[in-house]
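Working notes for the structure below.
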Amino acid sequence: MEQYTVLTKGITEIDGNNKFTATLVYAYIKSRENYELNVTSRLTYPNIAKNIKVAEGTVENIVPALISKGALFTKVDGRTMPDEKGEIHTHNTYYFASSYPNYFYINNAFFSEDISSGIASIKEANKVKGLLLQLKAVCINETNKYISRQPYKGGVNISELSRLLNIDRDTLTRLLKLAVELKQVKYIPKGILITNRHIIPDYIVAHNNRQGKPLLTAVYHTIYNWCLDNGIIPPDRNDTIYKVGNKVKRSNEILSRIAAKFNVTNEDIVKLADANHVSVNVYLQNAIETEQPLIHCYLPYVLSRRLVTKPEYMTLEYIASTLNIPPIDSEDEDNPIIML
């Protein structure tokens, strides 16, 4: 079962020479949160260091600096006591706000993922992970796209981004170059796209969600990952957000129409492959060869057949047109209050 962590965009307050490693440390502490209590209990420095492969001494220096940032924790209690091996350590209990005005999601597999690819050291790979989180905090809401306000020669403005992230230009340039080599980001017109699959581009469900994705999210992620696989800039989700009484609701007419016809998702394929004790590739190949009906409801298969020439970028409207889904009649549209 996939598990997610909610991170505040207030992580941009993290500063210092270890800014990116500190960001990763904070994110890991947050990933251990009990979402019913908004607390991470009795977490030791050795535990943090072991699980994200950061030197224990580095963690010991970073955590007090993180605690000094008021937006990250509401309170921290420390207690010195023996661990299960009888060794004396400080066991910190971290308290978090129950909600944040601006936040994003990551899949917890992010922490165990090895992005080094034999190119970077673990230390440098961890800095890249921290950079990805900082970059996500300044992306357009519910996207993995950072777009420069004043692009430089049609591309990202590194000086502008370095000021936004409060990091020197040379360090940022070096880490972005490494992130590109590690296939964690790519340059797009006027900006940067985060391509790490564990940094969620959009919205999951709620802060305490640890269940499967709802259909629209699963379909959108299936489209999104197919675009990444094919070198295409993925579409923005662009949900309409509105209120019914005191409840905030979401709607997405285009995505709903796509999901109504093409509702077999990547998660479905993985489950079916597991049930048949074969790999995903073997299952898909067999489904295609035997012309199983479900394959015609699986967007990666359908889009690959219909789009012989791949575009540079796609929108949900473009995808709907490719799938011969009729355009939305303006009389059918909801009355939006806020457009993302």
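Being surrounded by fewer than 16 Cβ atoms within 10 Å (Cβ to Cβ), assigned to a helix (DSSP H, G or I) and among the polar types (S, T, N, Q) is the filter here; which residues of the range 260-298 pass it?
Asn281, Gln285, Asn286
Results for (1) over 27 Å from Pro214 (Cβ atoms); (2) touching a Phe, Trp or Tyr at 6+ places or on another chain (Cβ under 9 Å); (3) surrounded by fewer than 18 Cβ atoms within 10 Å (Cβ to Cβ); (4) hydroxyl-bearing (Ser, Thr, Tyr), shown as yes or no for each residue.
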| residue | (1), (2), (3), (4) |
| --- | --- |
| Phe20 | yes, no, no, no |
| Val25 | yes, no, no, no |
| Ser31 | no, yes, no, yes |
| Asn38 | no, yes, yes, no |
| Ser41 | yes, yes, yes, yes |
| Ile48 | yes, yes, no, no |
| Asn61 | yes, no, yes, no |
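Out of Asn166, Asn144, report the one residue that is more than 19 Å from Glu124 (Cβ to Cβ) and buried (at least 17 other Cβ atoms within 10 Å of the Cβ).
None of the others qualify; the one that does is Asn144.
Can you name the residue in the range 301-340 that is at pLDDT below 90 and of a type in the set (A, V, I, L, M, F, W, C) and, of all such residues, is surrounded by the fewest Cβ atoms within 10 Å (Cβ to Cβ)?
Out of the qualifying residues, it is Val308.
Please enumerate the residues belonging to the range 113-152 that are among the aromatic types (Phe, Trp, Tyr) and more than 17 Å from Ile11 (Cβ to Cβ).
Tyr152
Kindly establish whether Ala71 is in a loop (DSSP other than H, G, I, E, B) and within 18 Å of Phe20 (Cα to Cα).
Judged against the criteria, Ala71 is a match.
Out of all the residues in the range 137-160, which are touching a helix residue (DSSP H, G or I) at 6+ places or on another chain (Cβ under 8 Å) and outside any strand (DSSP E or B)?
Residues satisfying the conditions are Ala137, Val138, Asn144, Ser148, Arg149, Gln150, Ile158, Ser159.
For residues in the range 96-129 being of a type in the set (D, E, K, R) and assigned to a loop (DSSP other than H, G, I, E, B), which is nearest to Ile140 (Cα to Cα)?
Glu113
Quick grid of which residues meet (1) surrounded by fewer than 17 Cβ atoms within 10 Å (Cβ to Cβ); (2) hydroxyl-bearing (Ser, Thr, Tyr):
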site	(1), (2)
Ala71	yes, no
Met81	yes, no
Glu87	yes, no
Asn92	no, no
Tyr105	no, yes
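Considering only strands (runs of 3 or more DSSP E) fully contained in the range 182-255, which possess at least 2 residues that are aliphatic (A, V, I, L, M), farther than 22 Å from Val156 by Cβ and at pLDDT below 95?
Strands (runs of 3 or more DSSP E) meeting the threshold: 240-244.
The values are calculated or read from the model by the stated rules, or taken from the named source; none is laboratory data. The structure presented is a predicted model; accordingly, all values stated were derived computationally and were not measured. Virtual Cβ from ideal backbone geometry, glycine too; neighbours counted across all protein chains shown.
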